[in-house]
Amino acid sequence: MMTVIAHLSDTHIDTREEDDGRSIARTKAVMTYLNSLPYDLDAIIATGDIADHATPSEYETARKLLATRHPLLTCPGNHDERAAYREHFLGEPASRAPLNSALVTARFTLALCDTSVPGEDYGRLADETLTWLSTLLADTPPTHPVLIGFHHPPVPLNTPYVDDIRQHDEHRLAALTSRHPNITAFLAGHAHTPAATTFANRPLLVAPGVVSTLRLPWEPQPHHVHHDLPPAVAFHVLDPTNRLTTHYRPIPLTTS
């Protein structure tokens, strides 16, 4: 039986008049597409930068936009603020503690880790997050595939704008990974461009940005983001042998 996980990132929901509804329309197109699929997905993950300014109205709007029949896991990014995220997006008591969550099933385990650093654009796994992840991995059967997601990629992607604010101190995560061969892949956002590379000898798969697409250094400038390209999602597929394949799918903005 196949496992199919949809991966979106960087919705940057912005309820200000200046945004002219662009972020909302793009997120709505993606979620309409996912919610109209004829089969149930095993999960949808959104790897950070849910809101653009971390305001209550942005999180309340995001909560409505991301509503789905599919299991949904999210984590914060550098544009998010933990207390507001908890209170207005998750409906939980406000707290500045890291936001980590997991989906444990009979076929796979999916862990989303908080790499946000309050007041900073770069990322880092807090000690308590690493402890949480280590405990989860220790409790997972060694033959059970584990996918680990977060906002900030832990390696350079050869895009200077993103690489300057990537995940720091990644050697700690690499050391933990070396003790758990069943970690199948890492999933990230932040880059606003689909990308595939490796980290700690495992695949590192980066989701496209919903709100915009990053121009690569060798593409025409002057602006570093495309607003004319469509939003997109990644589909991560585990086959019955636990071989992982990723498909990237652009979503037409005419989806209704």
| remark: Of those in segment 11-42 that are hydroxyl-bearing (Ser, Thr, Tyr), within 13 Å of Ser212 (Cα to Cα) and out of contact with any Lys or Arg (no Cβ under 9 Å at 6 or more places or on another chain), the residue surrounded by the fewest Cβ atoms within 10 Å (Cβ to Cβ) is Thr27
| said: Is it the case, given these coordinates, that Ala191 is surrounded by 18 or more Cβ atoms within 10 Å (Cβ to Cβ) and within 17 Å of Ile44 (Cα to Cα)? | reply: no
| field | Residue check, Leu176 free of Cβ contacts under 8 Å to residues at least 60 places away in the same chain and farther than 20 Å from Leu8 by Cα | value | yes
| Cβ-Cβ below 7 Å, separation at least six or inter-chain, first residue in segment 118-141 and within 21 Å of Ser95 (Cβ to Cβ), second surrounded by fewer than 18 Cβ atoms within 10 Å (Cβ to Cβ) and of a type in the set (D, E, K, R): which pairs? | Pro118/Arg96; Arg124/Asp169; Leu125/Arg172; Leu130/Arg172
| note | Of the residues in segment 85-141, those that are within 18 Å of Ala51 (Cα to Cα), among the hydrophobic types (A, V, I, L, M, F, W, C) and in contact with a strand residue (DSSP E or B) (Cβ under 7 Å, 6 or more places away or on another chain) number 4
| From Thr61, Thr47, Thr109, which residue is crowded, with 20+ Cβ neighbours inside 10 Å, among the polar types (S, T, N, Q), closer than 24 Å to Pro230 by Cα and touching a Leu at 6+ places or on another chain (Cβ under 9 Å)? | Thr47
| Counting just the residues of segment 127-186 that are in a loop (DSSP other than H, G, I, E, B) and hydrophobic (A, V, I, L, M, F, W, C), which one comes out surrounded by the most Cβ atoms within 10 Å (Cβ to Cβ)? | Phe150
| message | Condition first: surrounded by fewer than 15 Cβ atoms within 10 Å (Cβ to Cβ) and either of a type in the set (D, E, K, R) or in a strand (DSSP E or B) (or both). Now tell me which residues in segment 198-224 satisfy that. | response | Thr198, Glu219
| message | Being in contact (Cβ under 8 Å) with a residue 24 or more places away in the chain, exposed (fewer than 13 other Cβ atoms within 10 Å of the Cβ) and not in a strand (DSSP E or B): is that true of Pro240 here? | response | yes
| field | Breaking point among (1) part of a loop (DSSP other than H, G, I, E, B); (2) within 19 Å of the chain's Cα centre (by Cα), for Phe235 | value | (1)
| message | Anything in segment 1-27 that is in contact (Cβ under 8 Å) with a residue 12 or more places away in the chain and in a loop (DSSP other than H, G, I, E, B)? List them, or say none. | response | Met1, Met2, Ser9, Asp10, Thr11, His12, Asp14, Thr15, Arg16
| query | Across segment 153-167, what is the number of residues that are under 17 Å from the mean Cα position of the chain (by Cα) and either more than 15 Å from Arg124 (Cα to Cα) or touching a residue at least 24 places away in the same chain (Cβ under 8 Å) (or both)? | reply | 8
| remark: Scanning segment 59-108 residue by residue, those under 23 Å from Arg124 (Cα atoms), of a type in the set (A, V, I, L, M, F, W, C), in a loop (DSSP other than H, G, I, E, B) and at pLDDT 95 or above turn out to be Ala97, Leu99
| task | Answer yes or no as to whether Pro156 is out of contact with any Asp or Glu (no Cβ under 9 Å at 6 or more places or on another chain) and not β-branched (Val, Ile, Thr). | result | no
| message | Looking only at residues that are part of a loop (DSSP other than H, G, I, E, B) and touching a residue at least 40 places away in the same chain (Cβ under 8 Å) in segment 37-58, which one is farthest from His79 (Cα to Cα)? | response | Asp42
| task | Name every residue in segment 220-256 that is modelled with pLDDT of 95 or more, farther than 12 Å from Arg26 by Cβ, among the aliphatic types (A, V, I, L, M) and out of contact with any Phe, Trp or Tyr (no Cβ under 7 Å at 6 or more places or on another chain), in order of residue number. | result | Val237, Leu244
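The values are calculated or read from the model by the stated rules, or taken from the named source; none is laboratory data. Being a predicted model, the structure only gives us computed values, none of them experimental. FYI the Cβ positions are ideal-geometry reconstructions off the backbone, even for glycines, and counts take in every protein chain you see.
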